[in-house]
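Visitor: Here it is, the structure, as structure tokens.
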Amino acid sequence: MDENMLDCIRALAENRIQDAKDKAIICCINDTTKKNASKTSYYKKLLENGSTKMFELPLNLKGLLNVQDVSDFNEARYYLGKEQKKTYEQIVEGVNSTLKMLEYGIPYMNSTLIYGEPGTGKTEFAKYVAFKLGLPYAYLNFSYLIDSYMGKTAQNLNRIFDYCKGKKCVLMLDEIDCIGIERGHDTGADGELGRTTIALMQSLDGLVDGQIVIGATNRCDRLDKALLRRFQRQVVFKPFDKEERQAMIEAYMNSVDSSFLTDDIVQYADESHTQAEIVKFLIEQIVNKINE
Ligand SMILES: Nc1ncnc2c1ncn2[C@@H]1O[C@H](COP(=O)(O)OP(=O)(O)OP(=O)(O)O)[C@@H](O)[C@H]1O
Ligand SMILES: [Mg+2]
């Protein structure tokens, strides 16, 4: 085993995933044996795609867009509900469709709009998708963008989307209703929101090359119809049903310590709760168990 391989294993053992990936890339480059050539070139490509290093933000975008390496996402604590599973499968299908459509010269954006009440796992799902596909997670929160940069929102949007163009990532547009408000409903003094909605649509139209766009909102009714049309699919995330709640509770507790899972805790699934409420409840239970 050479120095790089050792470093790679050490980084993995210490949970420094990005460092491990960097070392693994060097291992691929260093291995010049013919029999491994196709494998090492393929692994190198995968490693580079998921690398946040490839996605170092320029200074003028720091604070606007947040890019994360989500390779340490804890899959054992994420329960894939029925709607989430279906949506994930559609997104994966969309990855293939995007490539084929590009060959035919037809722009096709792999875009999903998720709406649902607070705590139904919209933001968490986008992270899960980035993790499963081994892509960087680029997070843009519109409430923040609007609040802090009113007056320059359209310009900032253009800068962000220009930068994302051509980079493979999951681009999460959170709280999109803050910006994509229906034109005409904008009561702002200078029609700023209407202009930024148009800027957002133009920016989205420019993204056709490998980005997976996920928009999330609690208020789908407020969104501009033309903006809604930019999304290939629109899905509703609801609080899990009883069967899902039970499976989620069991999976979560088993991933922590299966001896913590008591009948009382499973019974929490009998009543309706959002995913956020369930996790909050489970964390309280775990704290109690630790202090028993
Ligand atoms: N499928 C799931 N499995 C396990 N935990 C989940 C799941 N979905 C959501 N959670 C947990 O619930 C919490 C809330 O989820 P999230 O923030 O994604 O909700 P949201 O729909 O984006 O809410 P909001 O509308 O308030 O932004 C998170 O802390 C997450 O850990
Ligand atoms: Mg959210």
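Bear in mind that the values in this text are calculations on the coordinates, not laboratory data. Keep in mind that this is a model prediction, so the values were computed, not measured. Note that we place each Cβ from the backbone using ideal geometry, even for glycine, and neighbour counts take in every protein chain shown.
Visitor: Sticking to Cα atoms, compute the Rg of the stretch 1-142 to one decimal and its Dmax as the biggest Cα-Cα distance, whole number, in Å.
Guide: 17.8, 54
Visitor: Of all alpha-carbon pairs in the stretch 242-291, indicate the percentage at a distance above 16 angstrom.
Guide: Tail of P(r) above 16 Å: 27 percent of Cα pairs.
Visitor: If you don't mind, another one. Apply the Karplus curve 6.51 cos²θ - 1.76 cosθ + 1.60, θ = phi - 60°, to the phi angles in the stretch 220-225 and return the couplings in whole Hz, x for Gly and Pro.
Guide: With coefficients 6.51, -1.76 and 1.60, one gets 5, 4, 8, 7, 5, 4 Hz.
Visitor: Rounded to the nearest 20 Debye, what is the dipole magnitude of the stretch 3-49 about its Cα centre when Lys and Arg each give +1 and Asp and Glu each give -1 at the C-beta?
Guide: 300 debye
Visitor: Just to be sure I understand: with springs between alpha-carbon atoms less than 10 Å apart, which residue in Ile278, Ile160, Ile29 has the highest mean-square fluctuation in the Gaussian network model of the chain?
Guide: Highest fluctuation among the options: Ile29.
Visitor: Might you report the magnitude of the Cβ-based charge dipole of the stretch 60-236 about its Cα centre, with Lys and Arg at +1 and Asp and Glu at -1, to the nearest 20 debye?
Guide: Value, rounded to 20: 300 debye.
Visitor: Using just the helices of the chain, give the 222 nm mean residue ellipticity in deg cm²/dmol: DSSP H runs with n ≥ 4 each add -39,500 (n - 2.57), and the total is spread over all residues, rounded to 500.
Guide: Calculated at 222 nm, the ellipticity per residue is -16000 deg cm²/dmol.
Visitor: List the residues, sorted by chain then number, that are 5 or more residues from Val67 or on another chain and whose placed amide H is less than 5 Å from its amide H.
Guide: Tyr139
Visitor: Using 7 Å Cα-to-Cβ label points, what is the Leu59/Gln155 separation (nm, one decimal)?
Guide: With each label point 7 Å from Cα toward Cβ, the separation is 1.7 nm.
Visitor: May I ask for the distance between the Cα centers of the stretch 85-118 and the stretch 225-292, given as a whole number of Å?
Guide: 27 Å
Visitor: Give me the number: length gained by fully extending Tyr144 to Lys238, i.e. 0.36 nm times residue separation minus the C-alpha to C-alpha distance, one decimal in nm.
Guide: 31.3 nm
Visitor: Here is a further query. With viscosity set to 1.002 mPa s and temperature to 20 °C, compute the Stokes-Einstein D of the chain, Rh being the Kirkwood radius across alpha carbon pairs; µm²/s, no decimals.
Guide: Value of D from the Cα-based Kirkwood radius: 101 µm²/s.
Visitor: If each residue of separation counts as 0.36 nm, what is the full-extension length gain between Lys34 and Ala251 once their alpha-carbon separation is subtracted?
Guide: Length difference between fully extended and current span is 73.8 nm.
Visitor: Placing +1 on the Cβ of each Lys and Arg and -1 on the Cβ of each Asp and Glu in the chain, which of Asn15, Thr120, Ile198 has its Cα farthest towards the positive end of the resulting dipole?
Guide: Ile198
Visitor: Here's another thing I want to ask about it. Would you kindly state how much longer the chain becomes between Glu277 and Lys225 on full extension, computed as 0.36 nm times their sequence separation minus their alpha carbon distance, in nm to one decimal?
Guide: Here the segment from Glu277 to Lys225 would lengthen by 15.5 nm.
Visitor: If the limit is 32 Å between Cα atoms, which of Lys23/Lys62; Lys85/Lys167; Lys35/Lys85; Lys39/Lys280 go over it?
Guide: Lys35/Lys85; Lys39/Lys280, as the Cα separations exceed 32 Å there.
Visitor: FRET efficiency for Lys85 and Ile286, Cβ-Cβ distance as r, R0 = 30 Å, nearest 0.05?
Guide: That gives a FRET efficiency of 0.70.
Visitor: Under a point spin-label approximation (7 Å from Cα along Cα-to-Cβ), what is the Tyr43-Val92 distance to one decimal in nm?
Guide: In this crude spin-label approximation the distance works out to 2.3 nm.
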